[in-house]
Every structure is written in C-alpha cells, then in structure tokens.
Amino acid sequence: MSNTSSYIEIKDLVVKYGKVEALHGISLNVKKGEIVTILGANGAGKTTLLASISGLIRPSSGTILFDGQPIQNIDSAEIVKRGIIQSPEGRRVFSTLTVWENLLLGAYTNHDKQKEKDILEWVFTLFPRLKERLKQLAGTLSGGEQQMLAIGRSLMGDPKLLLLDEPSLGLAPLVVRQILAAAKEINERGVTVMLVEQNAVAALKIANRGYVIEVGRIVMDGEAHALMHNPEIQKAYLGG
Amino acid sequence: MDIFITQLSNGLAIGSIYALVALGYTMVYGILRLINFAHGDLFTIGAYFGLTILVSFALQGNVSPLIIPWILIIMAAIGVAIIGFLLERVAYRPLRNANRLAAVVSAFGASIFFANALKLIYSPNRQSYPADIINLPNIPIFGVDIQSKRLIMFGTAVLLMALLYWYINHTRTGTAIRAVAIDQGAAKLMGINVNKIISLVFIIGPALGGAAGVLMGLFYGQIHPEMGFSFGLKAFVAAIIGGIGNIPGAMLGGLLLGVVEAIAGGYVSGSWKDAIAFGALIVILIFRPTGILGERVADKI
C-alpha cells in the first residue's frame, strides 16, 4: 500500500509524553516538491508531530520514512544532515548571538564553503533585511525579522524538506504575507515544505494539500482549494 | 603606593588563577545549569599531575625554566581533561534527566572521591614544588620590584584566557557552545550534537582548571589534596561575582576577587582577607544580584 512517490511518509505514529498520549496514530505523506500544510488548533499535536520528525522525541510506535528510509529512531543531528530541517515554533533564534552567528550555526552541518556562500546570497535576496542587520544581536530584531532569521538559518543547512512551525505566529498581516511568499519561493527552488499553521487561510493559499489535526488525530485531508471551501473547515478555522 | 603596587601584582596573579578555575564552573553552569562541585578537585589533580611530571621527567635543570611551565601545563591539562570527560560520562550524564539535586549529590560524591584518591595515591600531607624552579630576577614596575614569576603566572593565565575567548567567539564550534548554552532544543535543530558539546565543555573547563593547578604549584610551592575545596569555593565565588554562565564575567570576577583579597590583605590584615573577599561578594550581589556581567538569575542551585 505504500505510496512510492512519497518523500516523507508517516504511518500510525503514536507519541506519548509519560503516560499521556499526544498523537494517537497519525498517518500522512508529502510528495517531493509539494507544500503540505498541517492545520489545527493549539495543543492539537502539530508541534509534537514535527518534533518526532526532527528526532527530538522518540515515537512509541509507528514509522517515519524519509526518501524510503526509516528515520524514527535516528538522532536529531543525523536527521539534519539528511536534509530535514525545522524552523521551530516561536522562532527560537539565539538571541544573544548576532544575526550572522545564527546563520552560521544554520550551516553547522554543511562543510561546503561554496554552497554556504551561494545559500547565503539566496537568503539575502529572500530577506534583504537580514543583510542590513548582520552584526546586530538576534534578540534585538523585530518579530518579523526574527522569523526571517529563523527561516534563513534553516535554509543555511541546505534542506531538502523544510519544516515550518507556525511562521505566522504573532506577526502583522503584512509580515505574514511576506513570510508565506518567501515559503512559496523556497518551495519553487525545489525544497519540499511542511507548513504547520493555525492561520488556515494564509497557509491554504500557498499549499498544495492540507491535513487537519484535532487532539492528536487527523480528522480531514485534501487538496488545499477543496479544504478552503469545505464548510466544516470554514466554520472551525476560517471564521466563516 | 609601593604596597599598593605589590599587592595589586599579587592580586592579579592569584586572581588570574581564580579566573581560570572560575571558567570551568561558569561554562558547565552555562550549558547544564549544574554547579560542578568536583571542579576544585580537578584543579588539585592538575597540581599533582604537574608535580609528578616535573619529578619523573627530571625537567628541572635540564630544560629552560621558561619552558618548564608550558610542558607541565600542557601535559597536566591533557590529563585533567581526560578525567573531566570521564567525570561527566560517569557522574553526570546518567543523571541528565533526573532530579537536579541528584546531580549535585553526585558532584559532591565525585569531589570526595577525587580528594581521597589523591590522599591514597600521593599522601595526605602537603607536598612542595621545588622553590627555585623559576629563578629569574625581579622586574621593576613603577619603581617597585615585582617577582618575575608573578608576571609569568599572570601572563600565562591571561594567554590561556585569551585563547579560550577567541575559540568561543570566533570558531564555529565555539559559537555552537554558546548556542547550546542559550537553547539546547534549537541547537539540536541546527544539527549540533549536544552531547558532544557537553563533553567538549567537560574537556575545556577541566583542562583550564588543571593548568591553573600547575600554575598554583609552580608559583606558590605547596600543594595538598584538600586545597581544591577552599580554592574551588573562591573560584566559584569569582564566577558568581562575574555573573555565572558568563565567560568574560568569570575572567573579570576572578581578577577582581584576587585584587580585592590582596589589597585587603595588604592594608588590613592577612587574616581578614577572606572575610573582606566574601564581604565584597555580598555587596556586589546586593547591587547586582546576577553578578557584574550576568543577565540570568542563578535560580537553580
């Protein structure tokens, strides 16, 4: 039954925090080159899902296949090397390091200097603001700039699959549009994107497909435009 | 004025040793929020390693007195670094996710183990580095004769600190150490192997502590197995004065504590120097509860 064209395929993933089950058997897949959005309210399990893909927590059962290889028991550092890079919820930039140092750490696993330079140029064209603020401490940036830095930092590791966890959180609508436009542009350069969002409208606008998570279960999935016009989604997430 | 300059030079010399040891406390705290109470004993082990190397290789008389300190420092630092690495693996890593107090008890246990192992291997008595090992003429500074060994000691310690500062601030691995201290989870997402970084900190800190032990033996002569306790406490105070977790803070705190202590010893009385040093700690903490350069509150231990 396994779909051979899936780039990442998650099957029956169960994650527990102590005795509390946070994900009750989640299955989903993302094909190469897609933007797939994971929608859901606070506490639905979206961040837990990304944490288990990134190897920060071990699932108690289920499999995660990336490019055909099981990765659910692999170390976070190795997962980054294989090309799955996460820009975490709340940006988590290193606030007392400079913008430049943050970007440098993004390229921690990348030892190809030329590639590092090329990606840096690309990050600067995506987010020119970062170039202006290179010497500044990351903690002194505005929220939108910190989000740009968090995404730029993930790009520095040369991702094949980029996991974006709530990039729009706490940002003004104009900045949200900028950030999501950048996500689209990153995707057009060949990076597969998994976009976790509460802001369903913004996410569905750029995504190919979407899944909806509610309390640890996938309750709905489909093409982005279909989800956008689904009455249940409109009621629950789009304020319709 | 003469007393002032003499005491200042003494203070800077001893303070630079405090600073080297304080760096070990502060780096470990910065990354694990753990006070490595066995760190003072690593300093003592360094002093003993230095003495053993000095005696067993018969360095004195055969090697230039300007090179001896470096041979001892490098070899002892390597030895203590290995012990520091093992200490983290054996005493702290298994308790990484346990109650914080468990790691503190483990640290005290390691400290007792080290002090007693030294007594068993060497002897519970004081031992001396040869007094004439660095026999160089005094150097006049501002009209006051300063012992050249004080200058060598200070210079060596400052050089080691400068190397560390450069490493932490200007290499990718050094930046990774700072990143792990700020946010371990985010550091993992950059592909940084946090366990490796923790091991590295338990290599660098003890290496500096061991080097400080050698300097202590070379320039003050006497060493004994329990000296790590009181000396470690002073260095710990220095780390807190500077702002625990902050690397330049540990350097500054060490030098400041050394100078305050020496000036107090010179102008008041030698027996009051500890009281005045700890008094200074209290005064500084009243006005700067997080230390001079510290931002975070040391709330965990």
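Can you give the longest stretch of chain A with no exposed loop site, where a site means trypsin sites (Lys or Arg not before Pro) in a DSSP loop (not H, G, I, E or B) with at most 11 other C-beta atoms within 10 Å? Mind dumping the intermediate values first?
On the way: sites that count: A:19, A:135, A:189.
With a cap of 11 other Cβ atoms within 10 Å, the longest stretch comes to A:20-134.
When only the Cβ of Lys, Arg, Asp and Glu is charged (+1, +1, -1, -1), the dipole of chain B relative to its Cα centre reaches about 860 debye. Highest GNM mean-square fluctuation among A:65, A:162, A:50, for chain A modelled with Cα contacts below 10 Å: A:65. To the nearest Å, what is the center-to-center distance of the range A:170-232 and the range A:76-144, using C-alpha atoms only? The range A:170-232 and the range A:76-144 have Cα centres separated by 23 Å.
Shown here is the pair-distance distribution of chain B: with all Cα-Cα distances grouped in 20 Å bins from zero up to the longest one, the shares run 34, 58, 7 percent. One Cα centroid belongs to the range B:29-65, the other to the range B:252-291; the line between them spans 26 Å.
When N is the residue count of the range B:64-175, what does its C-alpha Rg come to as a fraction of 2.2 N^0.38 Å?
Values: Rg = 19.4 Å, N = 112, 2.2 N^0.38 = 13.2 Å.
My calculation over the Cα atoms of the range B:64-175 gives 1.47.
Across peptide A:47-60, the mean count of Cβ atoms from other chains lying within 10 Å of each residue's own Cβ comes to 1.
Extents of the range B:194-301, largest first, come to 48, 37, 21 Å (Cα atoms, principal axes, whole angstrom).
Taking each full run of DSSP H in chain B as one helix, which ones are at least 27 Å long along their axis (Cα atoms) and have mean Kyte-Doolittle hydropathy of at least 1.6?
Details: long enough: B:2-32 (44 Å, 1.32); B:68-87 (28 Å, 2.69); B:100-121 (32 Å, 1.55); B:148-170 (32 Å, 0.95); B:194-220 (38 Å, 1.69); B:247-267 (30 Å, 1.48).
Helices passing the filter in chain B: B:68-87, B:194-220.
Within the listed set B:38, B:58, B:47, the Gaussian network model of chain B (springs between alpha-carbon atoms below 10 Å) gives the highest mean-square fluctuation for B:58.
Computed over the range A:150-235, the alpha-carbon pair-distance distribution with 5 angstrom bins reads 3, 13, 25, 23, 19, 12, 4, 1, each value a whole percent.
Can you give the helix-only mean residue ellipticity at 222 nm for chain A, where every DSSP H stretch with n ≥ 4 adds -39500 (n - 2.57) and the sum goes over all residues, rounded to the nearest 500 deg cm²/dmol?
Values: 10 runs with 91 residues, N = 240.
That comes out to -10500 deg cm²/dmol.
If you line up the long axis of helix A:173-188 against the longest principal axis of chain A, both from Cα atoms, how many degrees apart are they, to the nearest 10? That works out to roughly 90 degrees. Put a plus charge on the Cβ of each Lys and Arg, a minus charge on the Cβ of each Asp and Glu, and nothing anywhere else: the dipole of the range A:87-240 about its Cα centre is then about 300 debye. Counted over the range A:81-196 with a bin width of 5 Å, the fraction of Cα pairs per bin, in whole percents, is 2, 13, 25, 27, 22, 9, 2, 0.
Per residue of B:175-181, how many C-beta atoms from partner chains lie within 10 Å of its own C-beta, taken as a mean? Average per residue, whole number: 4.
Report the per residue volume, in Å³, of the convex hull enclosing the C-alpha atoms of the range B:141-202.
Details: hull volume 5.8 nm³, N = 62.
Considering the Cα atoms of the range B:141-202, their hull volume per residue is 93 Å³.
Taken about its Cα centre, the protein assembly as shown carries a charge dipole of roughly 280 debye when the Cβ of each Lys and Arg holds +1 and the Cβ of each Asp and Glu holds -1. Relative to the 2.2 N^0.38 Å rule of thumb, the range A:128-173 has a C-alpha radius of gyration ratio of 1.19. Summarising the amide proton neighbourhood of residue A:222: residues at separation of 5 or more, or on other chains, whose placed amide H is nearer than 5 Å comprise A:210. Taking every C-alpha pair closer than 8 Å and separated by at least 6 residues, the mean separation divided by the residue count of the range A:87-161 gives a relative contact order of 54 percent.
Once both axes come from the Cα atoms, what is the angle between helix A:113-126 and the longest principal axis of chain A, in degrees from 0 to 90, rounded to 10? Result, in degrees: 80.
For chain A, what percent of Cα pairs sit more than 34 Å apart? Don't skip to the end; give the middle numbers.
Values: 3541 of 28680 pairs.
Everything past 34 Å amounts to 12 percent.
At 37 °C and a viscosity of 0.692 mPa s, what translational diffusion coefficient does Stokes-Einstein give for the range B:158-255, taking Rh as the Kirkwood radius over Cα pairs? Give it in µm²/s as a whole number. The diffusion coefficient I find is 221 µm²/s. From the alpha carbon centroid of the range B:201-217 to that of the range A:28-45 is 50 Å. Considering only B:212, B:285, B:246, the residue lying farthest towards the positive end of the dipole of the range B:187-301 is B:246, judged by Cα position with unit charges set on Cβ.
One equal scatterer on each Cα of the protein assembly as shown, no solvent, Debye formula: the resulting log10 I(q)/I(0) at q = 0.10 Å⁻¹ is -0.86. Mean sequence separation of contacting Cα pairs (under 8 Å, at least six apart), scaled by the length of chain A, corresponds to a relative contact order of 26 percent.
Take the convex hull of the alpha carbons in the range A:1-43; its mean projected area over all directions comes to 4.0 nm². Comparing A:39, B:237, B:139 along the charge dipole axis of the protein assembly as shown, the residue lying farthest to the positive side is A:39, per the Cβ-charge model. Taking loop as defined by DSSP and a crowding limit of 15 other beta carbons within 10 Å, which trypsin sites (Lys or Arg not before Pro) in the range B:16-119 fit? For trypsin sites (Lys or Arg not before Pro) across the range B:16-119 that sit outside H, G, I, E and B with at most 15 neighbouring Cβ atoms in 10 Å, the list reads B:96.
Here residue A:113 is the anchor, and the lysines within straight C-alpha reach of less than 19 Å, apart from those fewer than 8 places off in the same chain, are A:81, A:131, A:160.
Counting pairs of alpha carbon atoms under 8 Å apart in space and at least six apart in sequence, what relative contact order in percent does chain B give? All intermediate terms of the calculation are to be shown ahead of the outcome.
Numbers: 493 pairs, mean separation 114.7, N = 301.
Relative contact order for chain B comes out at 38 percent.
Projected over every direction and averaged, the convex hull enclosing the alpha-carbon atoms of the range A:1-134 yields 10.0 nm².
Mean-square fluctuation check for chain A, GNM, Cα pairs under 10 Å: which of A:192, A:48, A:125 is largest? Of A:192, A:48, A:125, the most mobile in the Gaussian network model is A:125.
Every number here is computed from the coordinates shown, using simple stated rules; none is lab data. All figures in this text were calculated on a predicted structure; none of them were measured in a lab. In this analysis, Cβ positions are derived from the backbone assuming ideal geometry, glycine residues included, and neighbour counts consider all displayed protein chains.
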